[in-house]
Amino acid sequence: MNIIVKIAFLVFIYIIFSSVIKSYRPEYLFLLRISTVLLIVVISVDYLADFISSYLSFFSIFNIESAHVSLLIKVVGVAILSDIVSDNLKDMGENSLSNIVVLISKFIILYLTIPIFNGIIIFCMKFIDL
């Protein structure tokens with residue numbers, strides 16, 4: 001609950017500063033937005049580490065390989081980062097660049113999941129030979 005209060009306070013400060021900066025120096029609004037996002041990430045790193053370790057222990061109960069879990073975490077990370085970047089680009093009016101970021105992130109996710117597809121194909125081939 002403490003993290004929610006910190007993030008809400010940080011967003012409240014961002015709203016105040018952005019309204020002031022927007023009227024005087026709107027070109028600095030992007031820097032304020034990026035710094036706010038980075039501060040939120042820094043604040044939540046400890047909680048994200050606890051979250052990831054709890055999921056790793058959860059998957060270890062069911063004997064799921066840690067390589068698959070780390071791949072899942074990478075894919076989720078790419079999706080979240082691309083969403084943040086895409087939303088910021090859309091807010092700045094760069095819709096075409098935002099679409100390119102989303103497209104590239106989809107290709108990165110497809111590239112990251114190639115080992116999973118290989119495992120599925122090998123499993124199906126073994127199943128068919130039985």
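The values are calculated or read from the model by the stated rules, or taken from the named source; none is laboratory data. None of the values given here were measured: they were computed from a predicted structure. Please note: Cβ atoms are built from the backbone with ideal geometry, for glycine as well, and neighbour counts cover all protein chains shown. Heavy atoms of the whole protein, side chains included, go into the accessibility calculation; ligands, DNA and RNA do not. Shrake-Rupley method; radii C 1.70, N 1.55, O 1.52, S 1.80 Å.
Placing unit charges on the Cβ atoms only, positive for Lys and Arg and negative for Asp and Glu, gives the chain a dipole magnitude near 220 debye about its Cα centre.
Counting only heavy atoms of the protein chains, get the accessible area per residue of region 1-97 (1.4 Å probe) and round it to a whole Å² value. Provide the component values of the computation, followed by the final result.
On the way: 7160 Å² over 97 residues.
Accessible area per residue: 74 Å².
Since only 96, 59, 73 are under comparison, the one whose Cα sits farthest along the positive direction of the charge dipole of region 52-108, derived from C-beta charges on Lys, Arg, Asp and Glu, is 59.
Electrostatic tally near residue 118: other residues with Cβ closer than 14 Å to its Cβ, Lys and Arg +1, Asp and Glu -1, net 0. Excluding same-chain neighbours fewer than eight residues apart, the lysines reachable from residue 6 by a Cα-Cα span under 28 Å are 22, 74, 90.
What a 1.4 Å probe finds exposed on the chain is 74% carbon and sulfur by accessible area, rounded to a whole percent.
Span-like helix criteria (full DSSP H runs; alpha carbon extent of at least 30 Å along the helix axis; mean Kyte-Doolittle hydropathy of at least -0.5) are satisfied in the chain by 2-24, 29-61, 66-91. Here region 75-130 is treated with +1 on each Lys and Arg Cβ and -1 on each Asp and Glu Cβ, and its dipole about the Cα centre works out to around 220 debye. The charge dipole of region 37-101, taken about the Cα centre with unit charges on the Cβ atoms of Lys, Arg (+1) and Asp, Glu (-1), comes to about 120 debye, rounded to the nearest 20.
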